[in-house]
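Visitor: Before we start, here is the structure in question, set down as structure tokens.
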Amino acid sequence: MNNLNNNGIIQAARRINRRSFLNNSLFGIGGAALSSLMNPVKNLLTDTVLPHFTPKAKRVIYLFQSGAPSQLELFDYKPKLKELFGQELPDSIRGGQRVTGMTADQRSFPLAASDIGWSQYGQSGAWLSDHIPYHQKIVDDICIIKTMYTEAINHDPAVTFVQTGSQQAGRPSIGSWINYGLGSDNENLPAFVVLLSRGRNDGGGQPLYAKLWGNGFLAARHQGVIFRSGHEPVLYLNNPEGMDKSQRRFMLDYLNKLHEQQFAEVKDENILSRIEQYEMAYRMQTSVPEAVDVSNEPDHIYELYGKDAREPGTYAYNCLLARKLAESGVKFIQLYHQDWDMHGNLPNQMKDLTKQTDQASAGLLIDLKQRGLLDDTLVIWGGEFGRGCYSQGKLTPEVFGRDHHPRCFSIWMAGAGVKKGVTIGATDDFGYNIISNPVHVHDFQATLLHLLGIDHERFTYKYQGRRFRLTDVHGKIVKELLA
């Protein structure tokens, strides 16, 4: 910046009119505020101080089950489906609602039920299927929402909607919004970390895209950082061959000077983000190996999460890693587990997927609780929509599939600020329509932000002349969920 000569300063100034000068000044002041204040953050673009009120949750662990788990095999017990097995879904229940192109041409919509047992557990008396025996241990710690619903009927727009508040790509993800608003609790680790695992190894299942943890129109520093399994958790973090730490520091210092000089001339906020990301990468060289090292965990902890917890890249391993990252001050930890998309052979595939996820999900909650972390950690489990009550394709007692169903599905939430051992909402006898307490995706997002001390209606970002927010122009807090 100091190296610019007078002529360069004059030329740069001529390129800046009054309006862009004010905007660029705002970015500069905002960058300074962000770097100097971690919690709370003075957010000049929203004209408010975050958090808006005392939060119940300090961090979030979101166990996203990509592909849409069937609520009818897990949390929403419908004995009438067994009673009416093979009979037609009544027109009065369907009500002319649209279905996907995969079943729209079916002449018959026979009701289907898995040959799986159900029982009530805990003081709450919540119904759970035999697919998830380990959930019996946590049933009085979770709040089951049976009446989630969405407008999206296909995977990509539905996942994008849950994760960003819009069915179209380009909006910031939940983790990016939280990173932007609340900052980080550990300057040596990203505030937003993403962990990926998959159920089957045959390459099937719905794909996941970087837009789901992207920053959208927010600064690039707010995007999620993928932590991979293996010897290099974050790509390109290590020094190249022939460069040591002191040389890396010298290179970064010189690079920062060049970036500062460029920013002084063009006032592009992405340059500030680039500086921050380089500096974060330098600090992560030391912090990441320690944060992802689970080799010293005692045997009883591995046993709590399940045998897969010793294998990097599995869901169980990532759940254990999520607990460790939460301890290290990572604010938003997003796990994606793929392959819940079951259009055929659902009874057998459901057994496989629940074996991979049931124990680890429950183990994570138990582990957080025994360490005193559950009191200020919000844990979420769920997918993008549910599954229909009728069979897709041929129906037999052993083999059938279920198509997408956006009208109602189940998730659970637990931890900071969430009521324990309660069930919210009810669906009809077919698990097709909501009959009480509907919870829209934007309601869920508004409640998530509320638990972090954020008023979703005041938490906005001005972009292209409009003030955007995670919940768009919708959303209400699910007060029945709040402790």
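Visitor: If the cut-off is 17 Å between C-alpha atoms, which lysines fall inside it for LYS394, apart from same-chain ones fewer than 8 positions away?
Guide: LYS82
Visitor: Starting from region 147-218, pick out the chymotrypsin sites (Phe, Trp or Tyr not before Pro) whose DSSP state is loop and whose Cβ has at most 15 other Cβ atoms within 10 Å.
Guide: Here the sparse-neighbourhood loop sites are TYR209, PHE217.
Visitor: No solvent, one uniform scatterer per C-alpha: report log10 I(q)/I(0) for the chain via the Debye equation at q = 0.06, 0.08, 0.13 1/Å, two decimals.
Guide: For the chain at q = 0.06, 0.08, 0.13 Å⁻¹, log10 I(q)/I(0) is -0.30, -0.52, -1.21.
Visitor: How far apart, in nm, are two points set 7 Å out from the Cα along the Cα-to-Cβ line at GLU187 and at THR54?
Guide: 2.8 nm
Visitor: Could you give the length gained by full extension between GLN97 and GLN120, i.e. 0.36 nm per residue of separation minus their alpha carbon distance, to one decimal place?
Guide: Length gained between GLN97 and GLN120: 5.1 nm.
Visitor: Which trypsin sites (Lys or Arg not before Pro) does region 127-220 hold that lie in a coil by DSSP with at most 16 other beta carbons within 10 Å?
Guide: Taking region 127-220 and a limit of 16 other Cβ atoms within 10 Å, the loop trypsin sites (Lys or Arg not before Pro) found are ARG200.
Visitor: Here is a further query. Helix 245-266 versus the longest principal axis of the chain: what is the Cα-based angle in degrees, 0 to 90, to the nearest 10?
Guide: The angle comes out near 80 degrees.
Visitor: Exposed loop sites here are GluC sites (Glu not before Pro) in DSSP loop states with at most 16 other C-beta atoms within 10 Å. What is the longest stretch of the chain lacking them?
Guide: Longest run free of exposed loop sites: 242-397.
Visitor: If you don't mind, another one. Would you mind estimating how fast region 176-234 diffuses translationally, via Stokes-Einstein at 37 °C and 0.692 mPa s with the Kirkwood radius over Cα pairs, in µm²/s? Provide the component values of the computation, followed by the final result.
Guide: Details: Rh = 13.1 Å.
Approximately 251 µm²/s, per Stokes-Einstein.
Visitor: Please report, largest first and rounded to whole Å, the three semi-axes of the ellipsoid equivalent to region 256-325, where each semi-axis is the square root of five times an eigenvalue of the C-alpha gyration tensor.
Guide: So the equivalent ellipsoid measures 41, 11, 7 Å along its semi-axes.
Visitor: Hey, another quick one. Report, in listed order, any pair from LYS211/LYS479; LYS324/LYS369; LYS146/LYS419; LYS137/LYS355; LYS369/LYS476; LYS307/LYS419 with a Cα-Cα distance greater than 19 Å. The partial results should precede the final answer.
Guide: On the way: LYS211/LYS479 30 Å; LYS324/LYS369 13 Å; LYS146/LYS419 15 Å; LYS137/LYS355 15 Å; LYS369/LYS476 29 Å; LYS307/LYS419 31 Å.
The pairs that break the limit, which is 19 Å between Cα atoms, are LYS211/LYS479; LYS369/LYS476; LYS307/LYS419.
Visitor: Relative to the Cα centre, what is the charge dipole magnitude of the chain, using +1 at the beta carbon of each Lys and Arg, -1 at the beta carbon of each Asp and Glu, and rounding to the nearest 20 debye?
Guide: Roughly 1480 debye, rounded to the nearest 20.
Visitor: Something else now. So what does log10 I(q)/I(0) come out to for region 319-475 at q = 0.14, 0.19 Å⁻¹, using the Debye formula with one equal point on every Cα and no solvent?
Guide: Evaluating at q = 0.14, 0.19 Å⁻¹ gives log10 I(q)/I(0) of -0.92, -1.33.
Visitor: Also, quick follow-up: Report the full-extension gain for the segment VAL399 to ARG283: residue separation times 0.36 nm, less the Cα-Cα distance, to one decimal in nm.
Guide: Gain on extension, VAL399 to ARG283, equals 36.6 nm.
Visitor: Could you work out the relative contact order of region 187-254, using alpha carbon pairs under 8 angstrom and six or more residues apart, expressed as a whole percent?
Guide: Relative contact order here is 31 percent.
Visitor: To continue, here is another question. List the trypsin sites (Lys or Arg not before Pro) within region 80-130 that DSSP assigns to loop and that have no more than 16 neighbouring Cβ atoms inside 10 Å.
Guide: ARG98, ARG107
Visitor: Return the distance in nm (one decimal) between the two label points of a simple spin-label model at ASP244 and GLU303, each offset 7 Å from Cα along Cα→Cβ.
Guide: 4.6 nm
Visitor: Stretched out fully, how many nm does the piece from GLU88 to ASN256 gain, at 0.36 nm a residue minus the Cα gap? Please list the in-between numbers first.
Guide: Details: separation 168, 0.36 × 168 = 60.48 nm, distance 6.74 nm.
Separation in residues times 0.36 nm, less the Cα-Cα distance, equals 53.7 nm.
Visitor: Separate question: Compute and list, largest first, the equivalent-ellipsoid semi-axes of region 218-348 from the alpha carbon gyration tensor, each √(5λ) rounded to a whole angstrom.
Guide: Values for region 218-348, descending: 36, 20, 13 Å.
Visitor: Further, regarding this structure: Where nothing but the Cβ of Lys and Arg (+1) and of Asp and Glu (-1) is charged, how large is the charge dipole of region 394-483 around its Cα centre, in debye to the nearest 20?
Guide: The dipole of region 394-483 has a size of about 440 debye.
Each reported figure results from applying straightforward, stated rules to the coordinates on display, with no laboratory input. If you're wondering where the values come from, they're calculated on a predicted model, not measured in any experiment. Don't worry about glycine lacking a Cβ; one is built from the backbone with ideal geometry, like all the others, and counts go over all protein chains shown.
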